Amino acid sequence: MPSGKKTVAGHSLAALQTRQDDLGVLIERTADGEDTALAALYDATCAMVNGLALRILGDRSVAEEVTADVYLQVWRQAARYDAGRGAPLTWLLTLTRSRAIDQLRAGAGRRASAAPMRAALHVASEAPGPEEHSTVRQRRRVVRRALTRLPSDQRRALELAYFEGLSHSEIAATLGEPLGTVKTRVRLGMIRLRDSLGAAGKDLL
């Protein structure tokens with residue numbers, strides 16, 4: 001006999017409401033500056049956020065960048081979340097859709113403006129000039145300083161990934177940590193690093 005409990009896609013309405021309430025608590029704690037709450041929120045929702053970004057953009061690497069930007073926005077604007085205007089997951093997916101569409105428009109604009117330039121360019125030396133060397137050194141110094149402000153576990157994961165070129169699986173083996181833990185540390189480290197770098201961060205990362 002039927003249990004009498006209402007279900008949506010195999011989940012009880014009560015369970016779905018409990019999940020939304022839990023996400024709402026995590027957003028509130030994130031607004032209070034708890035990065036562990038942001039980590040838990042990321043783990044619980046990143047698959048849906050990244051999945052939506054990927055469906056809109058059709059490019060895995062760009063979708064991952066948008067996903068990171070979404071959680072950076074959550075970290076900065078969690079206090080603006082109003083439960084009366086929508087469920088937590090709805091808010092996250094709305095942010096994702098907005099950022100993904102912005103990325104699509106920006107990408108189309110860059111391609112349109114770059115096309116005539118590419119046609120007019122002459123073949124140039126591939127060797128970096130003195131100015132480029134200086135810029136690269138400056139960027140490295142800025143990033144290094146920002147890294148020192150990260151929690152040690154996130155900093156170590158980013159150093160292994162971006163300065164030693166290790167894959168997530170290799171980092172997990174090096175640190176003796178689960179792969180999922182390493183991926184979360186890298187993602188949260190990137191979010192906090194971008195926040196630390198501010199407006200210059202998107203040019204540096």
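Read-outs throughout are calculated quantities, based only on the coordinates presented, and are distinct from any laboratory measurement. Everything numeric here is computed off the predicted structure, so don't read it as measured data. With ideal geometry, Cβ positions are generated from the backbone for all residues, glycine too; neighbour counts draw on all protein chains shown.
How much length is gained if the chain between Thr174 and Ser196 is pulled fully straight, taking 0.36 nm per residue apart and subtracting their Cα-Cα distance, in nm to one decimal?
Values: separation 22, 0.36 × 22 = 7.92 nm, distance 2.67 nm.
That pair, Thr174 and Ser196, stretches by 5.2 nm at full extension.
Which order do peptides 75-82, 152-159 fall in by mean Cβ count within 10 Å, highest first? Working shown, then result.
On the way: 75-82: 14.6, 152-159: 18.6.
Listed from highest to lowest mean packing, they are 152-159, 75-82.
Please list, in order, the residues from the stretch 150-190 whose amide nitrogen is less than 13 Å from a point placed 7 Å along the Cα→Cβ vector of Arg60.
Residues 168 fall inside that zone.
Tell me, in nm to one decimal, what length is gained between Asp35 and Glu164 on full extension, where the rule is 0.36 nm per residue of separation less the Cα-Cα distance? Please list the in-between numbers first.
Values: separation 129, 0.36 × 129 = 46.44 nm, distance 2.56 nm.
Once the chain is fully extended between Asp35 and Glu164, it gains 43.9 nm.
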